[in-house]
1. Only one of these is at pLDDT 90 or above and crowded, with 17+ Cβ neighbours inside 10 Å: Val146, Val124, Val78. Name it.
2. Any residue at all in segment 155-171 that's exposed (fewer than 15 other Cβ atoms within 10 Å of the Cβ), assigned to a helix (DSSP H, G or I) and at pLDDT 95 or above?
3. Just to confirm my filter: which strands (runs of 3 or more DSSP E) fall fully inside segment 81-129 and include at least 2 residues that are of a type in the set (A, V, I, L, M, F, W, C)?
4. Checking the conditions here, which among Glu56, Glu83 is modelled with pLDDT of 75 or more and within 18 Å of Leu119 (Cα to Cα)?
5. Within segment 105-121, restricting attention to residues that are under 17 Å from the mean Cα position of the chain (by Cα) and of a type outside the set (Val, Ile, Thr), which residue is most open to solvent (accessible area, probe 1.4 Å)?
Amino acid sequence: MEAGIKSERLKTDLITNVSHDIKTPLTSISGYAEIMKDGLVRPEDMKTFSERIYNEASRLITLVEDIMKLSKLDEGAVELEKEEVDFYMLTREICSRLAPQAEKRHVRLEVTGEPVHYLGVRQVLDEMLYNMIENAIKYNKEGGLVSVWVGNTLQGIKIIVRDTGIGIPKEEQERIFERFYRVDKSHSKATGGTGLGLSIVKHGALMHGAKIDVDSEVNKGTKMELIF
């Protein structure tokens, strides 16, 4: 009975959060578009208004994509065909894709370690590592560092993502994998965070029987480990 009540409460919270996170950018888009439609924007301000609409629409698209990814993981709808994945090469590819974002924030990306082969669902593993590294960039300080290490250890295959960012308070570290949970809401909004990235990491880890360890200190940075 209690489990059923808790499940319903989680669903209600999820719907509330989704509704709020979708309504906010839509309200902004509608407001800017209305002002433009009514001819109240000076020609020299049109570019600024267009950029605001574009940024809010991009934020909305990212949110919807993340919701769809989580929904697929929940329903087991992800293609479960496993293949051999070299974590080291995959990490380097992901860092190449994220390099423009890191450069924009003046964050240095560094990958070290060794080739490590693992049999898993490549699409999900890609999403997991992408979200971990992207978070390390988003919540870093300007001029900071994101270092990723990949290799074999006595505990098993390990991927360690370290950053020199804003850190996570001890009392909030257990909650960061909850859907829509944000440690720094104002920072998340500024960087386009949806609050779903680490939920995708958690689901992917469960699918692969992996463990996630988090060690963080406010204003000093975060270390996140994936152990397979």
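1. Details: Val124 fails: at pLDDT 90 or above; Val78 fails: at pLDDT 90 or above.
Val146 is the lone residue from the list that is at pLDDT 90 or above and crowded, with 17+ Cβ neighbours inside 10 Å.
2. Checking segment 155-171: not a single residue is exposed (fewer than 15 other Cβ atoms within 10 Å of the Cβ), assigned to a helix (DSSP H, G or I) and at pLDDT 95 or above.
3. Hits in segment 81-129: 108-113.
4. Every option except Glu83 fails the conditions.
5. Residues of segment 105-121 that are under 17 Å from the mean Cα position of the chain (by Cα), as a first pass: 105, 107, 109.
Remaining after also requiring of a type outside the set (Val, Ile, Thr): 105, 109.
On the way: Arg105: 65, Leu109: 47 Å².
The selected residue is Arg105.
The values are calculated or read from the model by the stated rules, or taken from the named source; none is laboratory data. Note that the structure is a prediction, hence the values are computed from the model and not measured. When we count neighbours, we look across all protein chains shown, and the Cβ atoms used for this are built from the backbone with ideal geometry, even at glycine. Ligands, DNA and RNA are stripped out before the accessible areas are found, and what is left, the full protein with its side chains, is counted by its heavy atoms. Shrake-Rupley method; radii C 1.70, N 1.55, O 1.52, S 1.80 Å.
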